[in-house]
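The values are calculated or read from the model by the stated rules, or taken from the named source; none is laboratory data. Keep in mind the model is a prediction, meaning the values are calculated, not measured. So basically every Cβ, Gly included, is an ideal-geometry build from the backbone, and we count neighbours across all protein chains shown. Note: accessible area is taken over every heavy atom of the protein model, side chains too, but ligands, DNA and RNA are not part of it. Shrake-Rupley method; radii C 1.70, N 1.55, O 1.52, S 1.80 Å.
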Amino acid sequence: MKELKIFGIVAVFTLILYWGVEPFAHSQMHKHVEGHGLVYDGAADIEACKADLKGSKTAFWADVKKIAALKGDAAAGEATFAMCAGCHMEGAANMGGVTPPSLEHAGAIYDKNFLIALIKDPAIATNVDHKYPNGTMAHPMGSISTMVTTPQDIANVVAYLKAKKAGEVTPKEAFTEACGRCHANRYGHLTQLGEIPKTKSNIKTGQDIDALKYKEKVATEQAALADYLGTLPPDLSIMIRARSEHFLHTFIENPQSQLPGTAMPRTGLNKEGMEKVLAYLEETGDPSKPLREETGPKVLLFFLVFTGLAFLWKKSMWKGHH
């Protein structure tokens, strides 16, 4: 029984450290940030901004709310969206330091209010207006108010995106559209230019010229991106294991909440979009998780049975020696 008592004491203190002391220490070392449930109403932005900007931001998000209440016409929105498709398409070229995202599944993965805000003012919508003190025109997307001129036009475009640019989206597609133009994922064989193409080396020279050309294109894209953001965004291959789900959720929802002053824009993901992106990060960064979760209980059961048998063996061997 002495061994069991020692084991019990060790187990209790280990659990106290794991569930009590460690979380407390972590909370003291890293600030706790509350999420906003993927609700993009500008409340957090207004609260965090400088006093001289509160009025303009309050008015901006009030306009977003009014536009969200309008009934959009998807057919009319399709005609207006045609002017956007020249930039927001597969294989778009880098513009101003960053490649415009594809909007093929925008209606499925992005929040409606965010899309409205993005059309009105991309810098404010993505919460990086601190980088553009001279106004939205300096933003790579610029102002599209000359193309989408009225609140009803905005409502129509968003209605079109929600109706026609939605449908089923895979985790990989969600990651590529929302994150892939800035973040590589080497475990997913993705660069900022998309999936790494399969190439072959020249059998005579051993050199893979096509691979070298692709690496040069990626290097050029990364250089432009680093100049625009101030640093090259990190590869996200194992980010799901390096950061907690809560951190990733709140950081993606509003990067400024975790890293004030960062150049990373808000992506505006809705619940489906967030789940799909995190699923892809888990798929590429922690592919063994399902097997680990399946095997874990079996291993614990084995140790439990082994401990019991070892105790009975010890009791039998020492019988009569006390």
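According to the Cα gyration tensor, what semi-axes, each the square root of 5 times an eigenvalue, does the equivalent ellipsoid of the stretch 36-138 have, listed from largest to smallest in whole Å? Before the final figure, lay out the partial values.
Values: eigenvalues 119, 70, 30 Å².
With the √(5λ) rule applied to the stretch 36-138, the semi-axes are 24, 19, 12 Å.
With volume of the Cα convex hull per residue in Å³ defined as stated, name the option among (i) 130; (ii) 149; (iii) 202 computed from the structure displayed.
Answer by label: (iii).
Per residue, how much accessible area does the stretch 261-322 have with a 1.4 Å probe, in Å²? Let's see the in-between values first.
Working: 4410 Å² over 62 residues.
On a per-residue basis, the stretch 261-322 sits at 71 Å².
List the trypsin sites (Lys or Arg not before Pro) within the stretch 146-222 that fall in a DSSP loop (any state other than H, G, I, E or B) and whose Cβ has at most 15 other Cβ atoms within 10 Å. Kindly include the intermediate steps, with their values, before the conclusion.
Working: sites: K162, K164, K165, K172, R181, R186, K198, K200, K204, K213, K215, K217; in loops: K165, R181, K198, K200, K204.
Hits after loop and neighbour filter: K198, K200, K204.
Take R292 and E245, extend 7 Å from each Cα along the Cα→Cβ direction, and tell me the distance between the two endpoints in nm.
1.4 nm
Tell me the per residue accessible area of the stretch 34-123 using a 1.4 Å probe; a whole number in Å² is fine.
So the stretch 34-123 comes to 49 Å² accessible per residue, rounded to a whole number.
Using +1 on the beta carbon of Lys and Arg, -1 on that of Asp and Glu, and nothing else charged, what's the dipole of the chain about the Cα centre, debye to 20? Can you show the working numbers first?
Numbers: 35 positive and 35 negative charges, 239 e Å.
For this selection, approximately 1140 debye.
On the protein heavy atoms, probe 1.4 angstrom, tell me the percent of accessible surface of the chain carried by carbon and sulfur. Kindly include the intermediate steps, with their values, before the conclusion.
Values: 12380 of 19700 Å².
C and S fraction of accessible area: 63 percent.
Given a Förster radius of 41 Å and the C-beta distance between A263 and L304 as r, what FRET efficiency does 1/(1 + (r/R0)^6) yield to the nearest 0.05? Display every interim value, and only then the final one.
Values: r = 51 Å, r/R0 = 1.24.
About 0.20, to the nearest 0.05.
From a point 7 Å beyond the Cα of A223 in the direction of its Cβ, which residues of the stretch 183-205 have a backbone N at a distance under 18 Å?
Inside the label zone: 192-193.
Can you quote the Å³ per residue value for the convex hull of the Cα atoms in the stretch 244-301, rounded to an integer? Intermediate values should be presented prior to the final figure.
Numbers: hull volume 5.8 nm³, N = 58.
Residue-normalised Cα hull volume stands at 100 Å³.
List the GluC sites (Glu not before Pro) in the stretch 113-181 that DSSP assigns to loop (not H, G, I, E or B) and whose Cβ has at most 15 other Cβ atoms within 10 Å. Which are they? Don't skip to the end; give the middle numbers.
On the way: sites: E168, E173, E177; in loops: E168.
Here the GluC sites (Glu not before Pro) that fit, given the DSSP loop and packing criteria, are E168.
Apply the membrane-span-like helix rule to the chain: whole DSSP H runs, Cα extent along the own long axis of at least 18 Å, mean Kyte-Doolittle hydropathy at least 1.0. List the helices found. Mind dumping the intermediate values first?
On the way: long enough: 2-16 (21 Å, 1.63); 51-68 (26 Å, -0.16); 151-164 (20 Å, 0.06); 209-229 (30 Å, -0.16); 271-285 (21 Å, -0.61); 289-317 (41 Å, 0.41).
Long hydrophobic helices here: 2-16.
Taking a probe of 1.4 angstrom, what is the accessible area of H105 in Å², to the nearest 10?
Accessible area of H105: about 20 Å².
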